[in-house]
Amino acid sequence: MRVKCNQVVSDAIRAGRKKQKVTQARSAAAIGISRTKLALMEVDGTALGAASFFSVLKAIQAAGLELHLIEKPAPKTLDEIQFAQKLANQQKLETV
């Protein structure tokens with residue numbers, strides 16, 4: 001799953017916990033946070049952003065999920081972008 005906002009992670013944590021049929025209280029105790037804090041993390045992506053990184057990692061793990069980090073390719077240079085745009089424009093003209 002690609003994560004583009006905190007809410008995606010919040011939803012995944014909640015869905016994973018429910019899939020495992022674990023209560024918020026039990027999951028929060030395993031993570032080492034209050035049930036209220038876990039409830040906020042599951043509902044509100046902004047609350048997830050305010051939580052410590054390690055709390056979020058523990059919540060992901062407790063929900064039966066794994067976090068994988070993938071190296072992004074180097075960003076394209078301006079020359080590469082301009083070349084791709086020219087090529088796309090040429091292809092448009094050829095199809096007209």
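Computed from the coordinates by the stated procedures, all read-outs in this text should not be read as laboratory data. Since the model is a prediction, treat every value here as computed from it, not as a measurement. In this analysis, Cβ positions are derived from the backbone assuming ideal geometry, glycine residues included, and neighbour counts consider all displayed protein chains.
Report whether or not residue 66 is touching a residue at least 24 places away in the same chain (Cβ under 8 Å) and within 14 Å of the chain's Cα centre (by Cα).
So residue 66 does not fit the description; no.
Residue 24: out of contact with any Lys or Arg (no Cβ under 6 Å at 6 or more places or on another chain) and either touching a residue at least 60 places away in the same chain (Cβ under 8 Å) or of a type in the set (S, T, N, Q) (or both), yes or no?
no
Using the structure shown, decide if residue 47 is surrounded by 11 or more Cβ atoms within 10 Å (Cβ to Cβ), touching a residue at least 40 places away in the same chain (Cβ under 8 Å) and of a type in the set (A, V, I, L, M).
So residue 47 fails the test.
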